[in-house]
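Report on the structure given below.
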Amino acid sequence: MSGGRPLTVLRDINLEIEARSAVAIVGPSGSGKTTLLALLAGLDLPTAGSVTLDGQLLNDLTEDERATLRAEKVGFVFQSFQLIPTLTALENVLVPIELQARAAKHDGSEPERRARELLARVGLADREHHYPAQLSGGEQQRVGLARAFANRPKILMADEPTGNLDADTGGTVIDLMVRLNQEEGTTLLLVTHDTQLASKAHRIVRLSGGAVVEDRRVSAP
């Protein structure tokens with residue numbers, strides 16, 4: 001509601017995202033980009049229409065069921081990193097892996113192997129015992145990226161992942177994200193103002209005023 005009247009954030013959105021593709025959602029502030037990402041992840045539900053995630057209709061699920069589905073199939077990268085300050089880099093990456101392993105009753109040694117492998121792949125093998133406050137912004141984002149890929153998600157959603165980084169550091173994170181996307185076969189959804197990041201996508205969806213005003217393929221997945 002806005003001023004006592006309903007506020008329409010998104011309208012007439014009809015999107016189908018191909019598996020293993022990289023899609024950049026771009027547009028000015030207030031165009032509905034983050035709201036669209038939240039709907040696609042099941043963090044919010046639409047007041048009209050429906051959202052299907054990997055064949056599962058989100059409208060039919062409870063909040064807990066949607067949370068379970070996200071834990072199993074979706075990884076997130078945030079602009080503000082969202083690391084747990086009292087945990088080391090290794091422990092931050094371990095959190096989602098251990099939760100999944102505990103639920104599946106897997107051997108406890110596998111999560112640590114996976115976490116160390118991911119930190120090495122983002123160039124932080126020598127920083128695994130450092131806390132977030134001891135890491136630069138770029139290093140924190142790389143830890144966040146490793147954590148997002150921890151459970152081998154089918155879909156990675158990133159909300160302005162380079163927004164708090166300088167150009168050089170942001171370029172490093174972009175290259176890592178694209179490389180991990182290709183190596184892990186993960187579908188990548190990016191909300192971004194970063195033209196360098198958007199240029200790496202296979203497809204660019206542009207929003208304005210809550211509607212899709214451009215949807216163009218840049219390259220094949």
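ARG66 falls short of the stated requirement of being within 30 Å of GLU214 (Cα to Cα), in contact with a strand residue (DSSP E or B) (Cβ under 8 Å, 6 or more places away or on another chain) and among the basic types (Lys, Arg).
Yes or no, residue by residue, for (1) closer than 27 Å to ASP44 by Cα; (2) in contact (Cβ under 8 Å) with a residue 60 or more places away in the chain:
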{"position": "VAL74", "(1), (2)": "yes, yes"}
{"position": "GLN79", "(1), (2)": "yes, yes"}
{"position": "ASN92", "(1), (2)": "yes, no"}
{"position": "ASP159", "(1), (2)": "yes, yes"}
{"position": "ASP166", "(1), (2)": "no, no"}
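Looking for something surrounded by fewer than 19 Cβ atoms within 10 Å (Cβ to Cβ), β-branched (Val, Ile, Thr) and not in a loop (DSSP other than H, G, I, E, B) - is there at least one such residue anywhere in the range 182-203? Yes, because at least one residue in the range 182-203 is surrounded by fewer than 19 Cβ atoms within 10 Å (Cβ to Cβ), β-branched (Val, Ile, Thr) and not in a loop (DSSP other than H, G, I, E, B). Considering LEU190, LEU180, LEU176, LEU207, the condition of being closer than 14 Å to GLY138 by Cβ and out of contact with any Asp or Glu (no Cβ under 7 Å at 6 or more places or on another chain) is satisfied by LEU176 alone. Consider the range 1-14 and keep the residues that are β-branched (Val, Ile, Thr) and surrounded by 16 or more Cβ atoms within 10 Å (Cβ to Cβ). The one that is modelled with the lowest pLDDT is VAL9. The set of residues from the range 6-53 being polar (S, T, N, Q), in contact (Cβ under 8 Å) with a residue 24 or more places away in the chain and within 21 Å of ASP64 (Cα to Cα) comprises just one member, THR35.
The values are calculated or read from the model by the stated rules, or taken from the named source; none is laboratory data. Bear in mind the structure is a predicted one, so any value in this text is a computation, not a measurement. Because the Cβ atoms are built from the backbone with ideal geometry, glycine has one as well, and the counts that use them run over all protein chains shown.
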